[in-house]
Every structure is written in C-alpha cells, then in structure tokens.
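Everything on this sheet refers to the single structure shown next.
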4 protein chains.
Amino acid sequence: MKKRIVEQSILLFERKGFSETSIQDVVEALGVTKGTFYYYFSSKEQLLRDIHLMYIDDLLTLQEQIIENPETSYRTKLSETVKLLVTQIKVTGRPARVFHREMMHLKPESASTVKQKRRLFRFNIQKIIESGVETGEFRKDLQADLVAFAILGMCNWSYNWFHPNGSVTDEELAEAYMETLLNGMVNRDG
Amino acid sequence: MKKRIVEQSILLFERKGFSETSIQDVVEALGVTKGTFYYYFSSKEQLLRDIHLMYIDDLLTLQEQIIENPETSYRTKLSETVKLLVTQIKVTGRPARVFHREMMHLKPESASTVKQKRRLFRFNIQKIIESGVETGEFRKDLQADLVAFAILGMCNWSYNWFHPNGSVTDEELAEAYMETLLNGMVNRDG
Amino acid sequence: MKKRIVEQSILLFERKGFSETSIQDVVEALGVTKGTFYYYFSSKEQLLRDIHLMYIDDLLTLQEQIIENPETSYRTKLSETVKLLVTQIKVTGRPARVFHREMMHLKPESASTVKQKRRLFRFNIQKIIESGVETGEFRKDLQADLVAFAILGMCNWSYNWFHPNGSVTDEELAEAYMETLLNGMVNRDG
Amino acid sequence: MKKRIVEQSILLFERKGFSETSIQDVVEALGVTKGTFYYYFSSKEQLLRDIHLMYIDDLLTLQEQIIENPETSYRTKLSETVKLLVTQIKVTGRPARVFHREMMHLKPESASTVKQKRRLFRFNIQKIIESGVETGEFRKDLQADLVAFAILGMCNWSYNWFHPNGSVTDEELAEAYMETLLNGMVNRDG
DNA sequence: TATGAATGAGGTTTCATTCAT
DNA sequence: TATGAATGAAACCTCATTCAT
C-alpha cells in the first residue's frame, strides 16, 4: 500500500504539481480513504521527502558504480554520468521532474538532507573532471566546478522538454551532449 | 500601485513559490487590502501571466538586438546570448526563477502564449548556430537543435545555484561556459 | 441617466436576480462607472425600492381608472382587472417578475410601504367582488377575500410561464381565466 | 447530520432567501463547522438541488396516489389535488416557499431536471381536467392547459400570504377555492 | 456630473490533519 | 490495517460602498 501511495503521488505531483495535488486526489485515485494515507505517512511533506530521498539515493548508488569501476577512463566516466542522467528519463522521468521542481516544499530540515546529497552528486562529477585534468585527459584550464554545473544544467534541463519516444533517442541525446562537451563547437577543419 | 504589486509578488513568488504565496501575503507586504489587488488584477493567475509575458518579452527584445547587429560574428552572437542569460541574473534573478519554476500554474491559454515565445527564443539560438555552421565558424556535424537546448539548460540552470555576489562573477561564468562550449573539454596539447 | 440605470437594472435583476446582479454589472452594461451609480442612488436597496414603487404605483393608477368608471358593471371591472394584470406582461413582464420575486431584499421600512400598496391593490379587487355580490351580479356565498387572493394568484403566477408571443395571446389568456372564474368548470348541460 | 443540515437550511433559506443565507449561517445554527457542511455537500447549489428534488418527488408521489385511486371521480381528484397543494402548507410551507422562490439559483442542469418534474405535476392536473371533460363532468369548452395553470397559480400563490393558524383553515381555503372553480362566481339564482 | 482608486467585510470553497472506531 | 466524520485555518474572490478629484 505504501508503495502504491508513493507511485500514485509521483504520478499526480508530476502532472499537477505538489501544492495542487491534494491528499484527497491521491487516495481517491487509489480507492482508499484519507485515514489510510495518514496510517502510512505522518504528513504530506514526509511523503515528498521520501520521494526525494529515494530518488537521490538511487542516483548516488548508480553514480558510485560508475566512479568505482577501475577499468574506465575519466572521459568514459563522465560520459556514463551524462548517459545516466539522460537515459534515466525513460525510467525516472516523472520522479525526476518532481525531484527538480518541488524541493522548495520540503521543510528546512528535510531540504538540507536532500541538498547535501545533491551536492555530493555534483561534487562527484567535479572530482571526475579534476581527476581527468590531472591525468591529462582534459584541458588544464577547465574550472571543474563550473563545468560540473554546466553539465548538470544541460542534462537536468532536458527533463523540461525531452520525450524518450520522440525523434531523438536518449542515447543519441547523451552522445550529442558529450560530443559537444568534449570537442567543442568550433570548427577546426578549415 | 499595479507596478508595486507586480514587484512585491515576484519577490514573494521567488521566495515561497506561487502556490504558497497568498494574495493576502502580497497585499499585507504592501500595506493595502485585497480589494486593491483585485482592482488591478482579475485573478492570481492573471498576475502570473503578466509577469511571464513581461519577462519573456524583455528577453526577446534584447535577443533581437544581439541577432540584428550586422557587425558581429555568430560566435560573438552566441557568446552575447549566453552573457545575456547569465548576466541578467543580477538584474532579473528573481523574476527569472519565477519564470522558470511557475509556468505550470498558468492556465492552458496563457501557457500556450508564453510557451510560443519561449520557443521563439530557443529557435533564435538554434538559428545562430545553424548560420555559424554555414559560415564555417562552427563544426558541420553539430545538431543545432540539441546544442541550443544544451546551452539553454546550462544557462538557465545557473539560476538554481549562482549568486552574482559570490566568488565567481557573472561575466566570468559566462566566459567559462563559452570557453567550454566553443573549445571543448578535451586536452589537445598533449 | 437615472432612468437608464433603472431600466438596465430591471433587465439584469430579472435575468439574474437581485442578489446575483452587482452594481458593477449594471454600470458596466451602461458604460459608466460605479461612482455614477452612487451619484443617483444612495444604495442598491434604494434602487430596488424605486423599482417597486414605480411598478405598484402604475398598477394602482390603472386600477383606479377601472374602478371609477361609472359605466361598467362589476363583472366588467373584474374582467378588466384580470386583463390589466395579464396584458401588462407584454409591457411590464420584466419589472413584474422583479416585483414579485425580489421583495424580500427590501429593507423593512421600504417593504412595509410597498406591502401596504400591494394590499391596497388586493383590497380593491375584494371590494369589486363585494360590490358585485351586493348588486346580485355575483353569488352571495363567495368569500370575497379568498376569491381576491385566488384571482391574484392566478394572474400573477402567469408571469412564471406565460410568453406573450406564444400560441396563446394575452387577451385570450385573460378571457379564458375570466370564463373559468365566472362560470366555473362544472358541466351544466348534461 | 446531513438531514439536520437540510432542515436548518430550509429554515434559513425561507427566512432570508438562498443568496442571503451563508454556509456560515447554516453551520453556526447547528453548532458545527464549515468543513462539516462540505463533507456532506459538494456545494451550496447541490444542497438547494437536493431540497428541490426531495420536495417535488414528494409531491409527485402524493399526486400519483390521488390519480390512481379508481374509486374517485375527476372532480374529486381535482379537489384532492387542490387540497394537497394547500394543506401541505402546514407541513411543507417552508420548503414550499424555498421551492417556489429559489429555483433560479440552480445550475442549468439541475434546473432542467427539476423543471421537468414540475412540468409533469402540472401535466397530470391537465390530464385530470381533460379526463373530466371526456366523462362529461367538466364543461367541454375548457382549455385544460390554461385551467391547469390557473389552479396551480391560485394554490401556489397562497404560500405568499396564507398562515395555517389564521382565521381560515387550510381545509376551508381548499374548499373555497374548489367551490369557486367548480361553480364560478356568477349568480344563477336571480 | 462623473471618475477611479481603495476599502473591508464577507462569501464559497479547499484541504491537511485528527481521532474514535 | 483502514474508515469516515469532523475540524479549523486559510485560500481566492466579490462587492457595496466611500471619497478625493
């Protein structure tokens, strides 16, 4: 039941927004009553916190696997991170949109936990870049922190417009992004 | 008075979100009454629509000036667009955040007008890229539409974290972004 | 202007009801502003009172002419009263409906003036009947007061359903009513 | 609770009118809160609709009993219908007044259901008259539809003035109305 | 004679939450 | 484990009215 509530909530939060979705909406869609909701969650905010934590914890786990793989270059690790963020849209498009949009509705204490984990995720990207700079894979003059932000923005923004069933697949998008990021836009042929 | 209401609303919408900001909050902050608000706006949604239109219309005007300048290269035009988006944070950080976050609260008809203008802004970026490809400034294999999305994501995302008074200035950020975008991350020296 | 306000108000009160019609509705329909309204009327209630008084005073004047005509029988006087009430629908359908529906919104003091005049109108009908009984035109066992109520109900109720442009004309309706009233429903032929 | 809300509402609607009675008024009189009201009714309009349907459905049921009785003449059936309408004032005076006054506040769709049922009630009266004409009880030249309207007007109007505890009882009123209706006002003795 | 800005009280409705069962 | 009745605070919005100009 708890799981069903979470799933239904994500669906509705994504479609109508957190504030615009009432507990009533959620339980009605499930055919249960409000009492049931409060049996499993102590508040609407707690539900949102759970969703956020589930999501970021998942991301961090997957990121860890990418980073800890001893056989891949930093370039590949970065590539896989981008792919992770972009290809996950198919799987996690809905929770992702909720994740990016509704953080402001968390209470300060929940928000701070979540923010810390998001920061960690970003910092891991930054470290990949820094490591790549050290090994000479990447240019020395990159500002790793800013580039990490740039990559995150690029990828996360795609949740605003990207549809996995459109003319561009998620893999193609990830590749196009990486190609631009790695080699730049400038024409060096002429 | 109408202008004061708009300004105060932007302030509060940015701080607490559209749904969480009540008309009461707005008018109380201004020392007037709810009646006054409804004298100038027919609904809360209309106020949000006005804010959105003001913002995107401003952006489009500034973009036009960049594009129509006959003396600049496409590379420069792109650079100026990034600078426009990023440096405007100082000036329009608040309305920008409202702009990016709260579009879902517009009624379908208002939303469609705004979306069309946002699409136009993005399409103009895409055209700069395409023109740059044609003149040989940019690589031939760029997918202009995806790159336009990438640039927008990169810049717009910075509203989530960038503070103009931090250790990095807006101009530095714009330059770092452009540098990465134009020349890529890969080290070509070694 | 004052007259235009009254006319427009009657139109709207009839269509939407007194409470549901706002001063805003009235002045908007006239292309003026609320200030104008309050220049001519001290309150919404006063406007309604004026409408009521105009209407009942008109009726009383016409009734007087019927009653004071020395050449008509009481039967004719009654007939003309019915005709007065019914045929006036064409002319005064709208104000009449307002008149019958919205009296509860008058303040006690206004209401009492209007009620007194309405009572007078009814009492005049009752007197016609009583006089007709005395002259032998009408049956001796009629309860004049109740019959007066019956006639008023019959006629006034027609404002709820009668359309002067329908298959029955107002004159035909008046005649059918009088025929039933005077001669009854019972078949005396068989 | 739902029943108590309905009863209290009828009381207040009759006394002050539908628009002038607020939900607050109703729940305050019952010592509950507004939330309670909206637990049982989805809107103020729905409450009014319920009241209307209850009332007209009751009337139709009673009318059916009158019509379907095989032992009574049409004259008696008509008489009983008038008695039904008039004597019900004692029982249903309040809901009746609400019923007759406040139909304009129903939404079009609710109104149309109620109107249909009211039309049926009237049409049943008309059929009694038509049947009575066929059997020779009533005069052949009656216009059954207009007479039905006349009777309804006569009876319903009495809700505007009749008090069951006054000098005339409801039974006397019904009888006086029927006497006038059946035998007419004209004096046939002289 | 008319305007337009402002008020303030009140209206309907929504909703997260509680709690006895 | 779940229900359903009830709460109460707050939301958006309407509107008759006032008043300086």
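The values are calculated or read from the model by the stated rules, or taken from the named source; none is laboratory data. Here the structure is a predicted model, which is why all the values come from computation and not from measurement. We place every Cβ from the backbone using ideal geometry, glycine too, and count neighbours over all the protein chains shown. Note: accessible area is taken over every heavy atom of the protein model, side chains too, but ligands, DNA and RNA are not part of it. Shrake-Rupley method; radii C 1.70, N 1.55, O 1.52, S 1.80 Å.
Some values worked out for this structure:
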item	result
For the protein assembly as shown, convex hull of alpha carbons as volume per residue, Å³	239 Å³
1.4 Å probe accessible area per residue over the protein assembly as shown, in Å²	48 Å²
For C:Tyr39, label point 7 Å along C-beta direction: distances to other copies, nm	1.9, 5.4, 6.8
Accessible surface of region B:44-183 [probe 1.4 Å, protein heavy atoms]: carbon and sulfur percent	48 percent
Reciprocal of mean inverse Cα separation for region B:142-190 (Kirkwood radius, Å)	12.3 Å
Ratio Rg/Rh, restricted to region B:21-61 and using Cα atoms, in which Rh is the Kirkwood radius	1.08
Size of charge dipole - chain B - debye, nearest 20, with Cβ of Lys, Arg +1 and Asp, Glu -1, no other charges	700 debye
Hull volume in cubic angstrom per residue (convex hull over the Cα atoms of region B:1-41)	56 Å³
Inter-label distance, nm, simple model (7 Å from Cα along the C-beta direction), C:Glu109/B:Ile23	3.4 nm
D:Glu134 versus D:Glu7: modelled label distance in nm, points set 7 Å from Cα along the beta carbon direction	4.4 nm
Separation of alpha-carbon centers, region C:80-150 and region A:26-77, rounded to whole Å	76 Å
Pairwise label distance in nanometres, B:Leu53 with A:Leu120, each label 7 Å out on the Cα-Cβ vector	4.7 nm
Other protein chain Cβ atoms within 10 Å, averaged over every residue that makes up B:133-145	4
Over region B:1-125: Rg over Rh, Cα atoms, Kirkwood Rh	1.04
Semi-axes of the equivalent ellipsoid for region A:51-190, Cα gyration tensor, largest first, Å	26, 19, 14
Within-12-Å neighbourhood charge of D:Asn156 [Cβ basis; K, R +1; D, E -1]	+4
Modelled FRET efficiency - R0 22 Å, B:Thr76 with A:Val186, Cβ distances, 0.05 increments	0.95
Cβ charges +1 (Lys, Arg) and -1 (Asp, Glu), total dipole of region C:1-41, debye	160 debye
Chain C, relative contact order in percent, only Cα pairs under 8 angstrom and at least six apart counted	25 percent
Equivalent ellipsoid, region A:66-149 (semi-axes from 5 times Cα gyration tensor eigenvalues, Å)	27, 16, 11
Crossing angle, helix D:2-16 versus chain D [Cα axis fit, 0-90 degrees, rounded to tens]	70 degrees
Residue list for region B:124-163, given a label point 7 angstrom along the Cα-to-Cβ vector of A:Thr169 and an amide N cut-off under 19 Å	B:143, B:146
Selection from A:Met178, A:Ser43, A:Tyr159 lying farthest towards where the dipole of region A:43-183 points positive, charges on Cβ	A:Ser43
Interface area, C with D, accessible, probe 1.4 Å, both sides summed, Å² nearest 100	3900 Å²
Residues in region C:175-190 that, when all protein chains are in place, have 10 Å² or more less accessible area than the chain alone would give (probe 1.4 Å)	C:Ala176, C:Tyr177, C:Glu179, C:Thr180, C:Leu181, C:Leu182, C:Asn183, C:Gly184, C:Met185, C:Val186, C:Asn187, C:Arg188
Per-copy distances of the D:Phe121 label point, shortest first, in nm (7 angstrom along Cα→Cβ)	2.5, 6.1, 6.5
Residue-averaged 222 nm ellipticity for the protein assembly as shown, from DSSP H runs of 4+ at -39500 (n - 2.57), nearest 500	-24500 deg cm²/dmol
